[in-house]
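Worksheet: one structure, shown below.
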Amino acid sequence: MARRFRYKDIQLTQLRSFCMAALHGNFTAAAKALNLSAPTVWEQVRGLERQLGATLLLRRGRLVELTNEGRILLELVQPHVHGLDSLQKLFDAQRASGVPRLTIASSPNLLANYLVGPVREFTDAYPTVCVSLRPSIQVEESLGQLERGQADVGLLAFRPEQVADKALEIEHLFDLRLILMTAVNHPLSRKRQVKPEDVVRYPLIMQHARSYSRLALEGIFTRHNLQDQARVVMESSHADVIRSYVAAGVGVAVIYGTEWANPNQELHLRIFDPQLEGLPACLIQRKGTHPGEPVLAFRDIVRRTLQGIR
């Protein structure tokens, strides 16, 4: 008697619900991401378990966790489910526009000061591809665009250990360092060694309160008992805006960047403290996608141009 293979009855919707529930650890969150009801997601996962004859998820109150069999299945099917989803979105977008696109998610700072060269090289090689830039100062927003397939590739500066999204491939390219930024004729630009107590003597231009740069600088001031001496005269979320006002002499700034990127010759840049840990800049793509030749070519250009810069 011929053996009946159960997997023939498995539906893509079941696998998609299982992957989302496993990644979010919650049926309600998975349902919201899939635009379904929580009972529907639960029924699809239970149907998948019946067909496979295995327990995939265990409920712990409102949360769910993977069993050993669930981990095996997630590793096997997640790339394929994401690949099919991204293929559908890519097909729909290209069919609607009629023009091939490369969508890049990044921060305004990285787009303006690091990706101009790679994008120019790409557009020279692929003149028929429309490059769509998706700037955002919120890392979470850019990661969400990549996870949902709204962007093909991303260049983001963040702490990878703070992101638990298993759906994204993260490749470290280089480190941003805390850079002291002053006007070229500022007294600090002529000082051989600059200490935190030197910086607080001058008006400060800072990034927004939740930024990596702001948190790092405030931590330095706290360790040196200088937090009450810092005088913030301006705040901005955009590094290029800060550069313009520093060059105009409004204040000095300490933000993450590199000495390599200095488009404004009216600025003096130096690493604030070589001993401080850098902020990783990473090339990011969704796992299991079907990147076409333009995406692969752009990733290669970015790697060749930016990997290991200082």
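Taken together, the values in this text are just the output of simple stated rules run on the coordinates, not laboratory data. Every value quoted in this text rests on a predicted model; they were computed, and no experiment measured them. Positions of Cβ are generated from backbone atoms using ideal geometry, with glycine treated the same way; all protein chains shown enter the neighbour counts.
DSSP assigns beta bridges within the chain; of those with both partners inside it, close to 65 percent run antiparallel.
Distance from the alpha carbon centroid of segment 149-188 to that of segment 202-273 works out to 16 angstrom. Mind checking the angle between helix 293-306 and the chain's longest principal axis? C-alpha axes, 0 to 90 degrees, to the nearest 10. Long axis of 293-306 versus the principal axis of the chain: about 30 degrees.
Taking other Cβ atoms within 10 Å as a rough exposure proxy, THR305, THR258 sort from fewest to most as THR305, THR258.
Taking only Cα atoms, what is the 0 to 90° angle, nearest 10, from helix 212-223's long axis to the longest principal axis of the chain? Helix 212-223 sits roughly 60 degrees off the main axis of the chain.
Here LYS287 is the anchor, and the aspartates and glutamates within straight C-alpha reach of less than 15 Å, apart from those fewer than 8 places off in the same chain, are GLU75, ASP85, GLU147, ASP152, ASP165, GLU169, GLU171. How far is helix 68-97 tilted off the main Cα axis of the chain, in degrees rounded to 10, range 0 to 90? So the inclination is approximately 70 degrees. The aspartates and glutamates whose alpha-carbon is closer than 17 Å to the alpha-carbon of LYS195, local same-chain residues fewer than 8 away aside, are GLU218, ASP228, ASP273, GLU277. Which whole-number percentage describes the relative contact order of the chain, with Cα contacts under 8 Å and a sequence gap of 6 or more? Once normalised by length, the contact order is 22 percent. Relative to the globular-protein estimate of 2.2 N^0.38 Å, the Cα radius of gyration of segment 189-310 stands at 1.28.
Once the Cβ-Cβ distance of HIS80 and ARG60 is raised to the sixth power relative to R0 = 25 Å, the FRET efficiency obtained is 0.35.
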